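> Please see the structure below; I have some questions.
The values are calculated or read from the model by the stated rules, or taken from the named source; none is laboratory data. Not measured: the values here are computed from a predicted model. Glycine also receives a Cβ, built like all others from the backbone with ideal geometry; neighbour counts cover every protein chain displayed.
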Amino acid sequence: MRVLPAVLLSLLALVSVRIASAAGGAHIVDDSEPEIPGTCHVESWTTLFLNGDGYANAAPACTTRQIPWLELGAAYQHYWGQTLNAPLFGPAIKVNFQSEKTGLGLGLGLTSEMNLRTGEVGLASTIGLMTIPLDDKVKLHLNAGWSYLGTADPTNALFYGGQFEIELGGDVMLMTEVFGRTPGFPGTQAGLRFTPHKGPIDFDLMVANYFDATSTRFITLGVTVRF
């Protein structure tokens, strides 16, 4: 049951949200694309588990016009629960090797966060990112790579995930994803993103279930602002 919050922390540190694109933000599966060059964003969200645990996140990131394939950011996350009750902070980097506009997007997400109370590394990950545009309204995002979680057993494991992103119209997107660490149980998450007038603010509402022995459930509310 305590593995899930650690999985969320490691993957949600890979921050990336763009206008008219869904993956990133409070989603566990990320896409291959960096932020729009010349644009910054601040993502914030709160996740609440039905057992009373939870965490809050604030994550700024930018991509410059001079280096349009590189997104540099950071994440501050505060988790409260029985296993971990501390703030974590560290860098989050995304490198894009091939744009999804070619028909297949390829990227790499890197993150590492330190427990600010103990000074120890709390999490780190190196995740390969793939985006496949299936048509004008549907994309498939696939992730796989290494994750280190200081509070999990095992601490080092393979992370995997997949997400369908579907434009429903009316400034609303549907995202549904599956994720997990091996060995371990898989989880699922689904939700809606509302971007009024395709503008600079996103609102996310997601519900999820992790299929461990207790079938852990959680809900996430998020807001992203771009500038």
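> Name the residues in the stretch 25-46 that are surrounded by fewer than 24 Cβ atoms within 10 Å (Cβ to Cβ) and on the phi > 0 side of the Ramachandran plot, would you?
The answer is 38, and nothing else.
> Regarding residue 159, is this residue surrounded by 21 or more Cβ atoms within 10 Å (Cβ to Cβ) and part of a strand (DSSP E or B)?
Yes; evaluated as a whole, the condition is true for this residue.
> Pull out all pairs, ordered by first then second residue, where Cβ-Cβ is under 8 Å, the residues are six or more apart or on different chains, the first lies in the stretch 183-199 and is under 14 Å from residue 217 (Cα atoms), and the second is part of a helix (DSSP H, G or I) and modelled with pLDDT under 95.
185/3; 187/4; 187/7
> Still on this structure: Find all pairs meeting these conditions: Cβ atoms under 7 angstrom apart; at least six residues apart or on different chains; first residue within the stretch 131-155 and part of a loop (DSSP other than H, G, I, E, B); second residue of a type in the set (Gly, Ala, Ser).
150/122; 151/6; 152/6
> Also: Out of curiosity, is residue 222 closer than 23 Å to residue 74 by Cα, in a strand (DSSP E or B) and modelled with pLDDT under 95?
Criteria met by residue 222.
> Would you say residue 182 is polar (S, T, N, Q), modelled with pLDDT of 95 or more and more than 21 Å from residue 77 (Cα to Cα)?
So residue 182 fails the test.
> Against the definition (in contact with a Ser or Thr (Cβ under 9 Å, 6 or more places away or on another chain), modelled with pLDDT of 50 or more and crowded, with 21+ Cβ neighbours inside 10 Å), how does residue 8 come out, yes or no?
Taking the combined requirement at face value, the residue satisfies it.
> Residues that are outside any strand (DSSP E or B), within 19 Å of residue 125 (Cα to Cα) and either in contact (Cβ under 8 Å) with a residue 40 or more places away in the chain or under 19 Å from the mean Cα position of the chain (by Cα) (or both): does the stretch 65-84 have at least one?
Yes: one or more hits.
> Within the stretch 77-85, is even one residue under 15 Å from residue 43 (Cα atoms), at pLDDT 95 or above and not basic (Lys, Arg)?
No, the stretch 77-85 contains no residue that is under 15 Å from residue 43 (Cα atoms), at pLDDT 95 or above and not basic (Lys, Arg).
> Next up: Which of (1) buried (at least 19 other Cβ atoms within 10 Å of the Cβ); (2) of a type outside the set (Lys, Arg); (3) at pLDDT 90 or above; (4) farther than 21 Å from residue 145 by Cβ is the odd one out, the single condition residue 49 does not satisfy?
All conditions pass for residue 49, except number (3).
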